[in-house]
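The values are calculated or read from the model by the stated rules, or taken from the named source; none is laboratory data. Remember, predicted model here, so these are calculated numbers, not experimental data. With ideal geometry, Cβ positions are generated from the backbone for all residues, glycine too; neighbour counts draw on all protein chains shown. These accessible areas exclude ligands, DNA and RNA; they are computed on the full protein's heavy atoms, side chains included. Shrake-Rupley method; radii C 1.70, N 1.55, O 1.52, S 1.80 Å.
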Amino acid sequence: MRYLLRKIFSNKQTEERPHMKMNVFSSLDKNLEFIENQLFHSSDLKWRSIRFNHLEGLIVFFESITDQQRIQNEIIQPIEEKREGNVDKVITSLEITKKSDLCEVPHALIQGKCVLLFEGTVEVYVVDVTAVNKRSILEPENETVIRGAHDGFIEHLMTNLFLVRKRLMNPNLVVRYYQIGKATNTKLALLYMQDLANPDLVKEVDHRINSISMDTIFSPGFIAEFIEDNPYSLFPQILYTERPDRVVAHLMEGRVTILSDGDPSALILPVTFFSFYQSPDDYHRKWLVGSFIRLLRLMSFIIASIIPALYIAIIGFHPEILPENLIFSVKSSIDRVPFPPIVEALIMQITLEVLREAGVRLPSRVGQTIGIVGGLVIGESVVRAGLISYPMVIVIALTAISSFVAPSNEISLSTRLLGFPLMILSAMFGLIGIMFGLLFILIHLCKLESFGTAYFAPIMPLRMKDLKDTFIRFPIWSLNQRPHDPHPKRLNQERNSREWEQDDPGKE
Amino acid sequence: MIPEKSRISQGQFMFVVVQSQVGVGILSLPNKVQASAKGGGWISVLIAGLAIQVIILILWALCKQFPSDTIYSFLPKITGKYLGNLLSFAYISYFLLSAGTVLAKFADVVERWILQETPRWALLILSLLTCMYLAMENLRVIARLFVISSLTIIVMLVLTLMGYVNVNFSYIFPITEAGWGKIVKGATEALFPLVGYEIILVIYPFVEGKSGGKLKAASLGNMLITLFYAFEVFTCLIIFSPAVMSEVPEPLLYMLKGFSFQLIQRIDLIFLSVWVFVVSTAMVAWIYMATVGLGRFFHRGEHKKAVPYAMFILFILAMMAQEPSISDFFDRMLKIGHYTFVVGLPLILLCFTYLIRKRRT
């Protein structure tokens, strides 16, 4: 019943543009006039007349998105030299197609192709001469590592695909193109491993991408919001990355990746909470060190989200939990402050967020100002003036630093937002409030599922084997199986790579 | 019959039983069993665990007859439509009353130990909202949380272990000081903190696998929790002398209050915070049991629609239980309810089904 109602009231009727077919005129002028009209006499539409096989001809192109050097070398030069022959054979471009429908021509032109028309011929030649303007491959600034590959994605889709394919020379790597956004015609690429990714997952992602019907798609953020399962959740469910090695690692775990033209970030899905705390760095270090650092990161998540709340609860409700001498030193600093701890914490936390946001916007030349204002004025003077207590400044500073430890910017923002409701709960109910808040968060994490994968796997539901690469990183030779959460087709990934230990020819 | 989304594995089933059994009772249990069984209190707990094992066996045998029905759908099959529905409502009220008492006792303890000045209604609303968020989910999500929150039991165990710094084993000797009769009487006291295994009646059809495995999982859960309780009681018995024991209503907390770390002085507060998890899960288990029934009768099987007004009922029950006389009355009702609905009635129903089967063949 509900389904029926939704069907009746939905306004998502597929509005197919009526496709008119229009044969190419035999007159050159008429053709040109038609194309110009279709493109509204845009100023960057250019044409040049040529002569071939004793016929008057025209090359039409957009000067803004075609490579004029290529038009010169691949079309005009051979035609001027040969003067006669078969057009297909004379032109040296890679991609030539013949079209007899004039209505397709404007569409080809805006994609960076150039069109050859001849007097009296009812076919046009469409030649691909798209210009490529791209920046060079640099290390992504917000995902730097100490060891490991230092290349990152750029705004050019083909380059990004190149970076992935070069690392993953495997015929099973499948790329599927999509064009979404009726007005912007943004090109997307869906990447997955045919022999690993779960077919249901691929089908679901394909289905969701196809149902996007917005006319402008600026960034992968749009796509993420359209396809994610729980849009009301605070936790990011899709991993953004600009690192090709990270993409490859996730592809090899059976996940899928979406790349979009015009943006350097790749979307990886489905991911678990713990993927946000894994970094390519972990696998370049010795496993003990890597494990230690990963534990540190997860601990920083806990610190960033609950330390301010815990401080408020202890100061406001249960100071007796602290040892006596500590209470005295903390209390002596707090007694001079006119506000209750929650107000103090909110003031400091919001100031911190403002500073952080300002730091992102400020040009680097004035960046020092932030250091002076933030470090000296806010940190020192606010205490001197008796507005905020020293312990509170320490707590907030600790929170800020811990929240930046997360290798993904999305999760670090979520973490800090998470702190606010916990602070309010702890100001109202003390430790019990924090506990209920944490319980609520845990329930929420239990509940989240993205693309059929439990978000808090492998803890909930518990799977012991996958814990090897969650809180700590076991040695790579012991990670015999892939993580189970994306339901890959093959689980085994490694077997006896250290076999040489057994067949060591008796060395004493 | 049972949708894929709410199926749970047998391991999860075990943790669901564990989490439904651990509840508010644990804090006052040592005091209560000691009153009648003296130094043999821990034996009382073990006896109670054994008794529960027998009850679990009965419940399992009953559920096994109807592998794809919850208690609400097999009751009418056995007793006929009208009586069956009437009994279902009795079960729903019993489950709701249990949830209400758990909530009320939780609020009492928190008010006594941590938040002396917070109004009771605020605390109730906070805990009910959190429970509601979980209870509205399908069983799989609930089971996932129950598995992870079982970690808190380990934390509680570790915290209790610290008590072994200064113990006096002579307090429990002679073990049979009170006599076996008194020890068994203590076991009836210990039965009530251990309730919650009734959840088998409701979630049995949701569990995957064969019936033998389900029995094993439920029994293992019960065994773990009995041992945990017995351990806690034993620890309290060797720490407090019999004379002191009768003076402290919540021995576990008093015991923890006595210890301190270098950095944390009040371990009882930490214990209570962890205990919040355990109580909430127990409460959710009761609420789930009740709302599955309500959902079946009023919302075509969607239990989540029944959760909000069930919460309202619980709120009122917990507010009423503020009066000691009313809370005593609730306790008595629960005892009667437990014996009738969890022990007596299933036994009768079981005999009944066997008779019906026999007559048919």
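Here are a few things to note about the model shown:
- Average accessible surface area per residue within region A:141-271, 1.4 Å rolling probe, Å²: 42 Å²
- Model label points for A:K203 and A:N86, set 7 angstrom from Cα along the Cα-to-Cβ axis, are 4.5 nm apart.
- Set against the 2.2 N^0.38 Å expectation for a compact globular protein, region B:1-129 has a Cα radius of gyration ratio of 1.36.
- Shown for region B:251-280: residues covered by the partner protein chains by 20 Å² or more of accessible area relative to the chain by itself (probe radius 1.4 Å), namely B:L263, B:Q265, B:R266, B:L269, B:S273, B:V276, B:F277, B:S280.
- Partner shielding of A:439-452 amounts to 5, given as the average count of beta-carbon atoms from other chains within 10 Å of each residue beta-carbon.
- For region B:132-179, residues shielded by at least 50 square angstrom of accessible area compared with the chain on its own, probe 1.4 Å: B:Y133, B:R144, B:L145, B:I148
- Where the Cα pairs of region B:183-236 fall when distances are cut into 10 Å bins, in %: 20, 45, 25, 10
- Among the residues of A:423-435, the average count of other protein chain beta-carbon atoms within 10 Å of the residue beta-carbon is 5.
- Both radii come from the Cα set of region B:209-361: Rg as radius of gyration, Rh as Kirkwood radius; their ratio Rg/Rh reads 1.06.
- In the protein assembly as shown, a dipole from Cβ-located charges (positive for Lys and Arg, negative for Asp and Glu) runs towards its positive end, and of A:P363, B:F146, A:F420 it is B:F146 whose Cα lies farthest in that direction.
- Of the residues B:A107, B:T130, B:Y72, the one whose Cα sits farthest towards the positive end of the charge dipole of region B:1-144 is B:Y72 (charges of +1 on Lys and Arg Cβ, -1 on Asp and Glu Cβ, taken about the Cα centre).
- Helices in the protein assembly as shown, meaning DSSP H runs of at least 4 residues, each add -39500 (n - 2.57). Divided by all residues, the mean residue ellipticity at 222 nm is -17000 deg cm²/dmol.
- Test item: A:317-328 mean partner chain Cβ contacts at 10 Å: 3
- Taking chain B as a Gaussian network of alpha-carbon nodes connected by springs under 10 Å, the highest mean-square fluctuation of the residues B:Y339, B:Y229, B:Y171 belongs to B:Y339.
- Check: region A:141-271 dipole with +1 on Lys, Arg Cβ and -1 on Asp, Glu Cβ, in debye: 360 debye
- Calculated diffusion of region B:4-325, Stokes-Einstein form, Kirkwood radius summed over Cα pairs, 4 °C and 1.567 mPa s, µm²/s: 64 µm²/s
- Long-range Cα-Cα pairs in region A:414-481 (distance over 20 Å), rounded percent: 49 percent
- Computed over chain B with a Gaussian network model linking Cα atoms closer than 10 Å, the most mobile of B:S246, B:S260, B:S127 is B:S260.
- Percent carbon-and-sulfur accessible area, the protein assembly as shown, ignoring ligands, DNA and RNA, probe 1.4 Å: 61 percent
- Cα centre as origin, Lys/Arg/Asp/Glu Cβ charges: region A:286-453 dipole, Debye: 460 debye
- Compactness of region B:239-325 - radius of gyration and Dmax, Cα, Å: 19.2, 56
- Value of Rg/Rh across the protein assembly as shown [Cα atoms, Kirkwood radius]: 1.08
- Cα-based shape type of chain A, given that a ≥ b ≥ c are square roots of the gyration tensor eigenvalues and the cut on a/c is 1.5: prolate
- Most to least packed among A:353-362, B:310-319 [average Cβ atoms within 10 Å]: B:310-319, A:353-362
- Extension gain for the segment A:I76 to A:R48, taken as residue separation times 0.36 nm less the Cα-Cα distance, is 9.1 nm to one decimal.
- Buried surface between chains A and B: roughly 2900 Å² of accessible area, summed over both sides, computed with a 1.4 Å probe on protein heavy atoms only.
- Rg to Rh quotient for region B:108-175, alpha carbon positions, Kirkwood Rh: 1.16
- Shape of region A:286-453, Cα gyration tensor, a/c cut at 1.5: oblate
- If only the Cβ of Lys and Arg carry +1 and only the Cβ of Asp and Glu carry -1, the dipole of the protein assembly as shown around its Cα centre is close to 2980 debye.
- Nearest 10 degrees, 0 to 90: helix A:324-334 Cα axis against chain A principal axis: 60 degrees
- Cα gyration tensor shape of region A:141-271, rounded if a/c is under 1.5, else prolate or oblate by comparing a/b with b/c: rounded
- The mean of 1/r over all distinct Cα pairs in region A:28-128, once inverted, gives the Kirkwood hydrodynamic radius of 13.5 Å.
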